[in-house]
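A short write-up of the structure that comes next.
None of the figures in this text is laboratory data; all of them are computed from the coordinates on show. Just so you know, these numbers come straight off a predicted model, no measurement behind them. Note that we place each Cβ from the backbone using ideal geometry, even for glycine, and neighbour counts take in every protein chain shown.
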Amino acid sequence: MDGARSSGEGTDDGDETHDGEESSDGNDTTDGDGPSGPNEPTGSTDERAVTGGNAPPSDSPAHAAPDHGDLLSALSGRDLAVAADPREADDPEAFETTVDADADPEAVDVVFPQSVASGGPTPEGVILWTRVAPEAYDSEDPLGVEVATDPDFEDVVYRGLVEDGEAVTAHDHTVKVDLDGALSPGTTYHYRFVHGDVASRTGRCRTLPDPDASPESVAFAVLTCQNYANGYFGAFDHVADEDVDFVVHVGDFIYEDSGAAFTGLGSPDLPDRHLPLPNGHDRVEGLDDYRFLHRTYRSDRHLQRMLERHTLLPAWDDHEIADDVYWDREAGVPRANHPESDDPAFMTNLVADALHAWWEYMPARVEYDPTADDLHERVQLWRTVSFGDLVDVAFSDERLFRDGPREDVFLPTERATAPENEPPGRTMLGERQLSWLLEAVEASTATWTVWCDEVLTMPFKVGAGPATFYPVQGGWDGYRRERTYISQRFAEWDVENLVTLTGDMHCYVAGYKQTRYPGPFRRLLGDGVSEDERIGVEFMTPPVTSLNWSEAVGLATGPFSGVAKRLLRWGATTMNPHIEYFDSHHWGYSVVEFTRDECTYTGYAVDKTTDEPYPERERLVEYRVPEGRVELERVD
């Protein structure tokens, strides 16, 4: 970062509240840069003070620790899927096949209907995944897994046999094999599963670089929000062919409904994408529904092709569980936008079932300690993944530990959502995860430090002056005090080359994380933000198919589509001067590449209205960030 910052610098997340105009109390409020006005809440200046160490903000007493006891009990009662422990096999005859995807792909798909996938890479391994069709599975016949350095399996480096048929059957016939310790760093491998005389489609996987390695580049395809019912997955064909090292998925891999709950005025009518849930209703109600959804999504050939080609680094967002899921501290239960949200026992079991199914179907390296009596210690989706000395990526979990929407906010105005007006101890991350995130960022010595989170961390404002609103309360705009605290720490440490990757809002976004965010009126008066006041950049990846803003109001297509796109982009960037680029008119994916000299973000738009392979694709936007500077440079 250019320019050191003192710890006393006002770090404000929005917030230059009234853009230089007088507030209703007659004072020019700057929400952090100046002293409190006489009618502001007592102690508002203290509420922005930087606290020592990496402890959570000490500006107000924290909530009582959340009681996750019922959910922990529900998880304890479930046989969560862990990686199988294959018996290593040296006899190649056990892996001889007469049927493979080259000779008879339809026969292969009968045995392996969800194909294969890999994820959870380490320097010495990956997790391999498949599912065997129940009618094709013989528990007396071991399931083989074979790994080679070449696609023809002439140079085989690992063979193993999964012999625990009871475990396979218990987990919806899914299998995960953890090869950590069996492979070499920074290497691409090919793998397949064998059952009977049938070999699965061949997958390709990659291990992480050695911790002491100095790779010249690391590239990610970044994905989010793939609603099966709201479009076709042709974008994944293009992702499969991308020259990237890994795929990062920031959440909403599935949607928890039968098809109509998360569509809008302009959504396509796709009868072949409607999903009749086993329960007969529109929303999930238990494990059978979640398993059905995962199976159906993973049966899509476009998605399979992408997962066969690239190793996955997945997070979760809300729809893997339920829309807008959060933790109700007072009741000690999860809540969500679900018809049964007021039933504590139902919601507790629903979340446990969602995690159960996610574990079965995701090749994710998530720490799970069945003996831990605290949810932060029991389930740790949050983790750091390092790519030699080039990139450190901190993945956070922003659903399991977050507080719910504020009931005292009728309209999310600047004043109502201001950090000093939040309830004491309000959090998105929870105390332990917050401390971990700060420690991970502070400790990083890589050239690039990346925070991979599920929701937009920058402010997103609508309006100006006294009529400024924060409409996306499910993102960090609903947790401004905690965001302010995190931003203060990053600014104080002068974190170099900080990049945030995010999703959820169904847009393409490129913008700056800053110590303060003056609105458009102040910018017109010359109160801009210098490069020294920037703390990093943020890139949002677009939805693969999910409802975007233009589609929601029926303006994604038609005679007014072009005008709507330009107006929406102009409005978003004008009301949020820290945002350089905004588009909520297209669908697709992004590619983010890190080198010694720069970080690049490229957003692609892909047609979601056709189920044909390789639908039309357009390079929509590209930015580069030079190493050592916080500067977004548009690439033509």
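General remarks:
- Cα-based shape type of the stretch 239-370, given that a ≥ b ≥ c are square roots of the gyration tensor eigenvalues and the cut on a/c is 1.5: oblate
- Size of electric dipole in the chain: Cβ of Lys, Arg +1 and of Asp, Glu -1, about Cα centre, debye, nearest 20: 1500 debye
- GluC sites (Glu not before Pro) restricted to the stretch 510-614 and DSSP loop, no more than 15 other C-beta within 10 Å: none
- Bridgeable lysines around residue 565 (alpha carbons under 28 Å apart, same-chain partners fewer than 8 residues away excluded): 461, 513, 608.
- Of the peptides 613-621, 496-504, the order by per-residue mean of other Cβ atoms within 10 Å, starting with the highest, comes out as 496-504, 613-621.
- Shape call, the stretch 241-284: gyration tensor on alpha carbons, a/c limit 1.5: prolate
- Shown here for the stretch 524-573: chymotrypsin sites (Phe, Trp or Tyr not before Pro) in loop regions (DSSP other than H, G, I, E, B) with at most 14 other Cβ atoms within 10 Å, namely 560.
- Computed from label points 7 Å out along Cα-Cβ, the spacing between residue 611 and residue 67 is 5.0 nm.
- Seen from a random direction on average, the alpha-carbon convex hull of the stretch 443-597 projects onto 10.3 square nanometres.
- DSSP-defined antiparallel bridges as percent of all bridges, the chain, nearest 5: 75 percent
- Taking a ≥ b ≥ c as the square roots of the eigenvalues of the alpha carbon gyration tensor, the stretch 91-242 is oblate, as a/c is not under 1.5 and a/b does not beat b/c.
- The mean sequence separation of alpha-carbon pairs under 8 Å and at least six residues apart, normalised by the residue count of the chain, gives a relative contact order of 18 percent.
- Of all DSSP-defined beta bridges confined to the stretch 458-549, some 70% are antiparallel rather than parallel.
- Here is the list for the stretch 381-487: chymotrypsin sites (Phe, Trp or Tyr not before Pro) lying in DSSP coil, each with at most 15 other C-beta atoms within 10 angstrom of its C-beta, are 410.
- Calculated on alpha-carbon atoms, Rg and Dmax of the chain in Å: 24.5, 84
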